[in-house]
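What follows is a set of notes on a single structure, which appears directly below.
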Amino acid sequence: MEYILIIISAVFVNNILLAQFLGVCPFLGVSSKVSTAVGMSGAVCFVMAVATLVTYLVQYYLLVPLGIQFMQTITFILVIAALVQMVEIILKKISPSLYQALGIFLPLITTNCAVLGVAILVVSKEFTFGGEAHMLNLAGSVVYAIASALGFGLAMTLFAGLREQLDLNEVPKAMKGVPIALITAGILAMAFMGFSGLV
């Protein structure tokens with residue numbers, strides 16, 4: 001039951017993009033087409049799950065025992081960058097077609113603050129279940145990361161669909177481009193606020 005609550009909370013209630021405003025750069029920059037939004041979402045989902053797994057282990061088996069938790073942010077950034085490079089190299093050798101399909105998305109993930117944000121949230125945030133506050137275990141952390149990535153993907157895909165629809169409609173000249181995109185993003189965030197109180 002706890003995992004279901006984690007998933008609902010991460011996807012809808014505390015959406016990483018629309019409630020916590022992490023990963024806004026790709027949200028605005030890569031969401032002009034649904035196909036690119038889906039590609040970016042898939043890549044982020046994979047990297048976020050693996051990065052959370054590795055950073056969780058680094059935090060509790062390296063940083064905490066050595067008493068160097070103050071190195072958390074820089075260590076996590078290095079781990080995420082190394083993981084993205086490793087995934088890029090492996091994909092290039094094993095599946096060139098998938099590597100070509102992802103294209104620019106893989107290097108973009110290195111600078112996506114949502115990946116770092118989720119890794120830090122997992123090790124620093126206390127989650128409340130049934131009135132009790134406790135830290136997530138490793139399995140809960142990975143479930144939270146995957147659910148956050150799915151929430152990221154849902155928001156990106158919805159926003160890309162809305163932007164494609166806006167391109168087909170007549171928008172006042174002063175509102176074309178970024179202004180109407182920001183207004184649409186605000187309305188989408190308000191729609192997701194309707195899920196607050198669900199968990």
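Can you work out the FRET efficiency for the pair LEU98 and SER32, with r the C-beta to C-beta distance and R0 = 30 Å, to the nearest 0.05?
0.85
May I ask for the angle, rounded to the nearest 10°, between helix 178-193 and the longest principal axis of the chain, with both axes built from Cα atoms and the value confined to 0 to 90°?
60
Using only Cα atoms, locate the centre of the range 137-166 and the centre of the range 1-66, then give the distance between them in Å, rounded to an integer.
If you average the Cα positions of each part, the centres end up 7 Å apart.
Taking the solvent-accessible surface of protein heavy atoms with a 1.4 Å probe, what is the per residue accessible area of the chain in Å²?
Averaged over the residues of the chain, the accessible area is 53 Å².
Remind me, relative contact order of the chain in percent, using alpha carbon pairs under 8 angstrom and six or more residues apart?
43
Which of these, PRO26, PRO179, PRO107, has the largest mean-square fluctuation under a Gaussian network model of the chain (Cα springs below 10 Å)?
PRO179
So if each residue of separation counts as 0.36 nm, and I subtract the Cα-Cα distance between CYS113 and ALA82, what length gain in nm does that give?
The CYS113-ALA82 span can extend by a further 9.6 nm.
Using a Gaussian network model of the chain whose springs link C-alpha atoms within less than 10 Å, name the residue from SER41, SER32, SER97 with the highest mean-square fluctuation.
Judging by the Gaussian network model, the answer is SER97.
From the list (i) 12.7; (ii) 15.0; (iii) 12.1, can you say which value of mean projected area of the Cα convex hull in nm² was derived from the structure given?
(i)
The values are calculated or read from the model by the stated rules, or taken from the named source; none is laboratory data. Since the model is a prediction, treat every value here as computed from it, not as a measurement. Cβ atoms come from the backbone with ideal geometry, glycine included; neighbour counts cover every protein chain shown. What goes into the accessible areas is simple: the full protein's heavy atoms, side chains included, and nothing from ligands, DNA or RNA. Shrake-Rupley method; radii C 1.70, N 1.55, O 1.52, S 1.80 Å.
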